[in-house]
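The values are calculated or read from the model by the stated rules, or taken from the named source; none is laboratory data. Not measured: the values here are computed from a predicted model. Reconstructed Cβ throughout: ideal geometry from the backbone, glycine too, with neighbour counts over all protein chains shown.
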């Protein structure tokens, strides 16, 4: 007798705030169409090769082959050639969102894939994503948002261990007591034991790393006057959201349970640096605005999370320091 194996689709999970995201297009002050190489996936490249009309000809003339693949030849000011003066995409305006490349459709989403499920989130290098993530109210939770085309397989013990520990860390961060106490408990649970490093030393380390945008230097300079003062009390929920975001994004990528301490420490570093920037801003101006944290977080994400070189440097540093 032939036994037919039933294929089970892989479910996709995301934070409950995920579906609130919608690109704000021309209202965005930091367009993702400026300053980044826009690579074209093979399927979209075939579409562009066959596209008729003036737009098709313009698309083909704008393509540039690089070592990592085919991308648009950006203008001298770093703008995508299809970003018009109104801050809108000519490709979307003329042919719809289905005609843009995969990287443009997916940004600012990130993914973590496991054998039995996929998880996604909103990367905070996008200002609108940062606003949604940091201003979220209520408890953080994952919800099923759809199915992936891949077939779900049996999960490995290592994957289940990573997910279980990740969920435990997030639960601790949403527990009782002040945020600082919860952060300490989270680090203890993750097996992180960091040496006493002042914010001035982190300022020096981050200042020596690859820099993509000059404005990041201005934000880093805030750390030179941050000291060890506590952040404004009204920041607590926003900073909780921030650290949960970092844990969800980066601890989920651990290869096994032994890889968790350095990734939890990396998540903590983002929280520590950004809370110190807000403390310094509050000391300097005597006021705090959530928009400040959103902007610092956006810049940090662009400079660190979206720089493979900077991320790997800090992860390697945390491997040496966190145990």
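Values computed for the structure shown
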quantity	calculated
Given (1) exposed (fewer than 15 other Cβ atoms within 10 Å of the Cβ); (2) at pLDDT 95 or above; (3) touching a helix residue (DSSP H, G or I) at 6+ places or on another chain (Cβ under 9 Å), number of the condition residue 296 does not satisfy	(1)
Qualifying positions in region 198-218 - touching a residue at least 24 places away in the same chain (Cβ under 8 Å) and part of a loop (DSSP other than H, G, I, E, B)	198, 209, 210, 211, 212, 213
Filter pass, residue 263 being in a helix (DSSP H, G or I) and surrounded by 13 or more Cβ atoms within 10 Å (Cβ to Cβ)	yes
When residues of region 142-162 are limited to those that are in contact with a helix residue (DSSP H, G or I) (Cβ under 9 Å, 6 or more places away or on another chain) and surrounded by fewer than 20 Cβ atoms within 10 Å (Cβ to Cβ), the one modelled with the lowest pLDDT	155
Yes/no for residue 226 being touching a helix residue (DSSP H, G or I) at 6+ places or on another chain (Cβ under 9 Å) and at pLDDT below 95	yes
Residue match in region 232-247 (condition: at pLDDT below 95, part of a loop (DSSP other than H, G, I, E, B) and at negative phi)	yes
Residue within region 156-176 that is part of a helix (DSSP H, G or I), in the same structural domain as residue 224 (by TED's automatic domain parsing) and over 30 Å from residue 118 (Cα atoms) present	no
Residue satisfying all of: in region 30-40; touching a residue at least 60 places away in the same chain (Cβ under 8 Å) and either out of contact with any strand residue (DSSP E or B) (no Cβ under 9 Å at 6 or more places or on another chain) or loosely packed, with under 15 Cβ neighbours inside 10 Å (or both); farthest from residue 89 (Cα to Cα) among these	30
Contacts under 6 angstrom Cβ, first residue in region 159-177 being in contact (Cβ under 8 Å) with a residue 40 or more places away in the chain, partner buried (at least 21 other Cβ atoms within 10 Å of the Cβ) and not in a helix (DSSP H, G or I), 6 or more apart	162/254
Some residue of region 20-28 being in contact with a strand residue (DSSP E or B) (Cβ under 7 Å, 6 or more places away or on another chain), assigned to a loop (DSSP other than H, G, I, E, B), surrounded by 13 or more Cβ atoms within 10 Å (Cβ to Cβ) and modelled with pLDDT of 95 or more	yes
Test: residue in region 220-228 that is surrounded by fewer than 23 Cβ atoms within 10 Å (Cβ to Cβ), under 30 Å from residue 119 (Cβ atoms), touching a residue at least 24 places away in the same chain (Cβ under 8 Å) and not assigned by TED's automatic domain parsing to the domain that holds residue 137	no
Residue list for region 93-109, restricted to those being surrounded by fewer than 17 Cβ atoms within 10 Å (Cβ to Cβ) and under 23 Å from residue 306 (Cβ atoms)	97, 102, 103, 105, 106, 109
